[in-house]
Amino acid sequence: MSGKGFGQRQPTKTDKIVESVVRYCQQRQPEALDQIFDNLPVKLNQQVLNGTVAALKKDIDSLSWLCGYFASEINSTEDNQKPRHSISELSKLLMTSGMEPFGDFAPYPGCRIVILNNEKFEALPPRVQAAVKEAFDVVETSGEEAQRINEALLRELEV
């Protein structure tokens, strides 16, 4: 008899890809992530990203590393050895302060972070806001502009 079990849900293709992405994040393998994200359709990329963020919710180190990867701060395994990853560090600070990656803020290619939920950002403790403003030039944008930036990030994931 097989170990599948009667009536048990079988993992989907998306579930299996998410498992791989989570493993590659935990192992800090950006080249392996490139192989996945560069070859998936946009809609599936978004599903995989959402599943990965949910799966890594309690692993802030790996999730902040993923933010550095999406901001082009980490492009190769050798980049993991660099002494400082400001996007990863700030992502971790924002997450530990209650902001959700890819919901309240998003890493953006070019080593940038886009604050998508300005109200939540403004409610953060002053020391957190100061750390972000010290590390980056903070540019205010409208909700429409933030949406365009988010859509541009999704297009970056396109094949």
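The values are calculated or read from the model by the stated rules, or taken from the named source; none is laboratory data. On a predicted model such as this, the values are computed, not experimentally measured, just so you know. Methodologically, a virtual Cβ is constructed for each residue, glycine included, from the backbone with ideal geometry; neighbour enumeration extends over all protein chains shown. Remember, those area values only see protein heavy atoms, side chains included, never the ligands or the DNA or RNA. Shrake-Rupley method; radii C 1.70, N 1.55, O 1.52, S 1.80 Å.
Every residue, every condition in (1) in contact with a Pro (Cβ under 7 Å, 6 or more places away or on another chain); (2) modelled with pLDDT of 95 or more, yes or no:
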position	(1), (2)
PRO30	no, yes
LEU33	no, yes
LEU44	no, no
ILE74	yes, no
GLU78	no, no
ARG84	no, no
SER88	no, no
One residue is enough: does the stretch 65-78 have a residue meeting the conditions closer than 22 Å to TYR24 by Cβ, over 13 Å from the mean Cα position of the chain (by Cα) and free of Cβ contacts under 8 Å to residues at least 24 places away in the same chain? yes
Using beta carbons and a limit of 9 Å, which pairs, at least six apart or on different chains, have the first residue in the stretch 35-60 and touching a residue at least 40 places away in the same chain (Cβ under 8 Å) and within 13 Å of PRO101 (Cβ to Cβ) and the second one of a type outside the set (Ser, Thr, Tyr) and open to solvent by 70 Å² or more (accessible area, probe 1.4 Å)? VAL53/GLU100
Of (1) in a helix (DSSP H, G or I); (2) open to solvent by less than 20 Å² (accessible area, probe 1.4 Å), ILE74 satisfies every one except (1)
Please identify the pairs in which a residue from the stretch 120-136 that is in contact (Cβ under 8 Å) with a residue 40 or more places away in the chain and open to solvent by 80 Å² or more (accessible area, probe 1.4 Å) has its Cβ atom under 6 Å from the Cβ atom of a residue that is of a type in the set (Lys, Arg) and in a helix (DSSP H, G or I), counting only partners at least 6 apart or on another chain. none
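Report whether or not ALA131 is in contact with a helix residue (DSSP H, G or I) (Cβ under 7 Å, 6 or more places away or on another chain), at pLDDT 85 or above and more than 26 Å from ASP34 (Cβ to Cβ).
Spelling it out, ALA131 is indeed in contact with a helix residue (DSSP H, G or I) (Cβ under 7 Å, 6 or more places away or on another chain), at pLDDT 85 or above and more than 26 Å from ASP34 (Cβ to Cβ).
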LEU63 vs. criteria in contact with a strand residue (DSSP E or B) (Cβ under 8 Å, 6 or more places away or on another chain), outside any loop (DSSP other than H, G, I, E, B) and open to solvent by less than 20 Å² (accessible area, probe 1.4 Å): yes
May I ask you to verify whether LEU44 is not in a helix (DSSP H, G or I) and not β-branched (Val, Ile, Thr)? no
